Amino acid sequence: MFSVTVAEASTKLGVSPARVRQLIKSDILAAEQVAGIWLIDEKSVEARREHNPGRGRPSARLSQPNASHYLLMNRDHEVLAFRFDASTGEFLDADEIIDAKRAPLSIMSPRGTKASKVALSYWWSHRAIPKARHGIEAKLAELGIADTYDLPFKSMGLSLSDQYWIKPYGSKIRWSDINYFENDFAEAPVEEWMADVGLDSPDNTSDGVLSKRWVCRNGERCLLKGGTLLDQEPYNEVIATELFSRLLSEDDYVPYTLIEWGGAPVSSCPNFVGPTEEFIPAYYVNEVLPPAPHRDSYRHYVECCAALGVEGIETALGKMILCDDIMANTDRHWRNFGLIRDVETLEYRTAPLFDTGSSLWCRVPTRELAYTPFVVDMRPFYEDADRQLRLVGDTSWLNLDKLAGFPEWASDFLDENPSMYGRTDFIYEGLQKRIDYLELLFGQKQGTSKCHFIPRARKAPTKTSRKEPEAFTSLPPR
């Protein structure tokens with residue numbers, strides 16, 4: 001008699017609903033679909049329980065009291081089942097694969113038949129606030145939580161960077177009821193970075209060391225991000241936006257604005273991930289193909305993108321490399337660029353440029369700037385700036401004439417930050433020389449080289465709004 005539901009069979013057999021559906025697909029359980037719902041033969045369930053008492057049941061290790069059973073979801077798609085021990089932060093298993101193609105890229109085997117528990121743990125560790133973020137230790141103590149890996153469970157692992165979440169077994173919760181793309185989230189009235197951590201908030205899954213906080217303004221999700229001691233990083237994000245707006249199309253970058261929040265300047269940008277999309281850092285894109293001895297990191301990444309059907313990847317990387325070179329961006333690591341995937345259509349595109357705050361020599365103490373070279377060690381493909389620039393092939397989009405006056409605009413804008421006393425002339429000269437060098441390098445290629453250096457027209461300092469430069473010799477996080 002076909003009368004047992006999947007949930008009932010799950011309880012009787014001591015396995016997850018996902019495992020029951022696998023048994024149905026394998027014809028181990030006799031079932032039929034009625035109005036879209038699986039009904040299972042009661043005798044089939046009893047036979048399975050009698051003849052296979054051990055299969056599909058948790059081992060003694062997995063039955064420990066602190067282990068909880070969850071489904072990793074991607075929107076309303078069940079991806080895989082796992083058990084998690086909150087007392088140790090350990091993933092105990094991840095062996096029930098339901099929808100491999102919608103799983104995080106890095107955790108599945110090449111054939112999509114197995115999930116790596118180690119890879120899942122690593123992926124999860126970057127879904128939590130890093131331990132290096134200022135103030136997190138005090139917040140954990142306040143919440144009575146031992147470690148940051150437990151924070152995402154406070155809000156079901158929900159994020160505004162992708163569509164993943166964790167669903168307890170037996171729960172009837174749906175994506176539309178809880179996701180932060182469509183539903184408002186908690187936002188404490190106080191202007192403190194950690195105020196919403198531990199609540200129903202996407203702040204529980206915000207990666208990165210700099211202080212940050214999600215806010216909802218007129219229905220738009222925006223990310224606020226602070227700086228270090230000199231507060232230069234928020235200004236740098238706006239300068240990078242100005243650079244991008246001169247050279248690139250609007251789809252190529254995330255626009256940042258400067259606002260005052262909590263008595264300090266912070267950058268604000270809209271969420272660049274759509275309601276059916278996820279951001280996939282380049283770090284995980286590199287896992288698509290196995291490494292080969294003949295490939296350098298650039299070629300390997302390009303070939304991984306090609307395997308996913310991404311178009312125009314080399315042009316997009318060329319834009320990133322050139323703009324980072326102008327900005328002297330030293331922090332374009334493998335999580336600071338990547339791809340966007342639509343989790344419904346499974347189509348990929350290049351992610352827009354974002355996170356250029358750690359640039360323009362912001363980590364160099366003021367008193368050391370005079371002895372600092374204008375050329376910096378670059379990322380992600382080569383430290384040597386010239387070698388990385390040689391990776392750029394297509395420059396049909398590049399018009400350096402559009403950067404006329406940009407170094408002066410940037411240094412004048414930085415002058416609005418009192419902490420920049422003694423720094424802006426150096427930054428102006430560095431920007432101008434980087435642009436001149438690109439004109440020499442790529443202008444010759446295009447037959448338009450006109451390299452020249454224009455000294456900055458200096459403005460008289462406003463001493464009443466300046467801080468003494470001797471006070472800024474190190475840059476700890478705020």
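The values are calculated or read from the model by the stated rules, or taken from the named source; none is laboratory data. Here the structure is a predicted model, which is why all the values come from computation and not from measurement. Note that we place each Cβ from the backbone using ideal geometry, even for glycine, and neighbour counts take in every protein chain shown. Quick note on the areas: whole protein, heavy atoms, side chains included, nothing else; ligands and nucleic acids left out. Shrake-Rupley method; radii C 1.70, N 1.55, O 1.52, S 1.80 Å.
Mind listing just one residue for me: the one in segment 169-226 that is β-branched (Val, Ile, Thr), over 30 Å from Ser16 (Cα atoms) and part of a loop (DSSP other than H, G, I, E, B) and, of those, farthest from the chain's Cα centre (by Cα)?
Looking at residues that are β-branched (Val, Ile, Thr), over 30 Å from Ser16 (Cα atoms) and part of a loop (DSSP other than H, G, I, E, B), I get Val190.
Inside segment 79-102, can you point out the residues that are surrounded by fewer than 20 Cβ atoms within 10 Å (Cβ to Cβ), under 24 Å from the mean Cα position of the chain (by Cα) and in a strand (DSSP E or B)?
Glu90
For segment 282-305, give me each residue that is of a type in the set (Val, Ile, Thr) and not in a helix (DSSP H, G or I).
Answer for segment 282-305, where residues must be of a type in the set (Val, Ile, Thr) and not in a helix (DSSP H, G or I): just Val288.
Residues to consider are Val273, Val302, Val266; find the one that is farther than 23 Å from Pro202 by Cβ and open to solvent by less than 50 Å² (accessible area, probe 1.4 Å).
Val302
Condition first: open to solvent by less than 20 Å² (accessible area, probe 1.4 Å) and in a loop (DSSP other than H, G, I, E, B). Now tell me which residues in segment 334-364 satisfy that.
Asn336, Phe337, Val343, Ala351, Pro352, Thr356, Gly357, Ser358, Ser359, Leu360, Trp361, Cys362
Thr113 passes all but one of (1) hydroxyl-bearing (Ser, Thr, Tyr); (2) surrounded by fewer than 15 Cβ atoms within 10 Å (Cβ to Cβ); (3) in contact with a Leu (Cβ under 9 Å, 6 or more places away or on another chain); which number fails?
(3)
Take the residues of segment 133-177 that are surrounded by 15 or more Cβ atoms within 10 Å (Cβ to Cβ) and among the small types (Gly, Ala, Ser): which is modelled with the lowest pLDDT?
Here the residue is Ser155.
Limited to segment 365-420, what total is found for residues that are part of a loop (DSSP other than H, G, I, E, B) and farther than 23 Å from Met320 by Cα?
Residues in segment 365-420 being part of a loop (DSSP other than H, G, I, E, B) and farther than 23 Å from Met320 by Cα: 5 in total.
Among Val254, Val302, Val266, Val285, which is the only one that is without any contact (Cβ under 8 Å) to a residue 24 or more places away in the chain and within 20 Å of the chain's Cα centre (by Cα)?
Val302
Output yes when any residue across segment 28-37 is in a helix (DSSP H, G or I), at pLDDT below 80 and surrounded by 14 or more Cβ atoms within 10 Å (Cβ to Cβ), and no when none is.
No, segment 28-37 contains no residue that is in a helix (DSSP H, G or I), at pLDDT below 80 and surrounded by 14 or more Cβ atoms within 10 Å (Cβ to Cβ).
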